[in-house]
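The values are calculated or read from the model by the stated rules, or taken from the named source; none is laboratory data. These numbers were taken from a predicted model, which means no experiment stands behind them. Cβ placement follows ideal geometry from the backbone for every residue including glycine, while neighbour counts extend to all protein chains displayed. In case anyone asks, the SASA skips ligands and DNA or RNA and just uses the protein heavy atoms, side chains included. Shrake-Rupley method; radii C 1.70, N 1.55, O 1.52, S 1.80 Å.
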Amino acid sequence: MGNSYSFAVDVFRTVCDRLAARAADLQLMVETTSSFEEWINWEAFLASKLRAATYPFCEVTAKPTYSSEGVADDGGDRDRGLGDLLVGGPNDGADHCWVFAEFTLLHDGNRTGGKWLRKIEADADKLKRLGWKRSASLLIVVAASRGDVATEWTDYLAGSEVWNRPALTAPFVLTLPGGGSLVVKAFDIKRDPTHTLTGAAH
């Protein structure tokens, strides 16, 4: 089995493959300009769970708790107490092959007013509480639009420190049938930036 970096990339690509297969559904949801973040969370869980039969995922958990990873309870704040996805590698001596992920959706209905920016920063802060050094604590940001995210959203995305930090791997870009686009980027969020997983480090 590979290292923690390659495992995290494999989980990310597994989720992106599922989104690509659901492009027609995505296009219909993007048109509504409403949030479908919870749908993305469940698609990510299904992608990982269904792949477990052919890929060595020993655990796939939806809505994992931070307390299960040793983070103190936040006084009953349910949102801060739950993540979106936990995927573990095989029990064969693999090197820290675990992914704890938060998903954030940026879409046409929330890209103005700064709400999306605050959500990205809040999810990054949640992940820093894990204190992980070698396993992946991923913030996966999905930017979806009726237009072209890559060319039309430059000014909006420039305001996010998280979006503009080095990504785990190349972004996933999907042109939707009938118009619209999706860009998905994964970031390994660490309390100590020197612990960030990168391809160069492995």
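Residues in the range 170-189 that are surrounded by 20 or more Cβ atoms within 10 Å (Cβ to Cβ) and assigned to a loop (DSSP other than H, G, I, E, B): 3 in all. Consider only pairs whose beta carbons are under 8 Å apart and that are at least six residues apart or on different chains; among these, list those whose first residue lies in the range 166-185 and is under 17 Å from ALA101 (Cα atoms) and whose second residue is surrounded by 15 or more Cβ atoms within 10 Å (Cβ to Cβ) and among the acidic types (Asp, Glu). Cβ pairs passing all conditions: LEU168/ASP188. In the range 36-85, the residue that is modelled with the lowest pLDDT out of those that are surrounded by fewer than 16 Cβ atoms within 10 Å (Cβ to Cβ), assigned to a helix (DSSP H, G or I) and of a type in the set (S, T, N, Q) is SER68.
A search for C-beta distances below 8 Å between a residue of the range 30-44 that is under 14 Å from LEU182 (Cα atoms) and any residue that is open to solvent by 60 Å² or more (accessible area, probe 1.4 Å) and in a loop (DSSP other than H, G, I, E, B), counting only pairs 6+ apart in sequence or on different chains, returns VAL30/ARG146; GLU31/ARG146; THR33/ARG146. Taken over the range 145-165, the residue count meeting the criterion of being part of a loop (DSSP other than H, G, I, E, B), polar (S, T, N, Q) and free of Cβ contacts under 8 Å to residues at least 24 places away in the same chain is 1.
More than 16 Å from LYS185 (Cβ to Cβ), of a type outside the set (S, T, N, Q) and open to solvent by less than 10 Å² (accessible area, probe 1.4 Å): does that describe PHE7? Against the criterion (more than 16 Å from LYS185 (Cβ to Cβ), of a type outside the set (S, T, N, Q) and open to solvent by less than 10 Å² (accessible area, probe 1.4 Å)), PHE7 qualifies.
Do we find that LEU117 is at pLDDT below 90, surrounded by 14 or more Cβ atoms within 10 Å (Cβ to Cβ), not β-branched (Val, Ile, Thr) and not in a loop (DSSP other than H, G, I, E, B) in this structure? So that I can check it myself, show each step before the final result.
Working: at pLDDT below 90: yes; surrounded by 14 or more Cβ atoms within 10 Å (Cβ to Cβ): yes; not β-branched (Val, Ile, Thr): yes; not in a loop (DSSP other than H, G, I, E, B): yes.
Judged against the criteria, LEU117 is a match.
Can we say SER48 is more than 16 Å from THR175 (Cα to Cα) and touching a residue at least 40 places away in the same chain (Cβ under 8 Å)? Taking the combined requirement at face value, the residue does not satisfy it. The C-beta contact set for the range 124-144 (first residue open to solvent by less than 10 Å² (accessible area, probe 1.4 Å), second residue charged (D, E, K, R) and in a helix (DSSP H, G or I), distance under 8 angstrom, 6+ apart or interchain) comprises SER137/LYS128; LEU139/ASP123; VAL142/GLU37.
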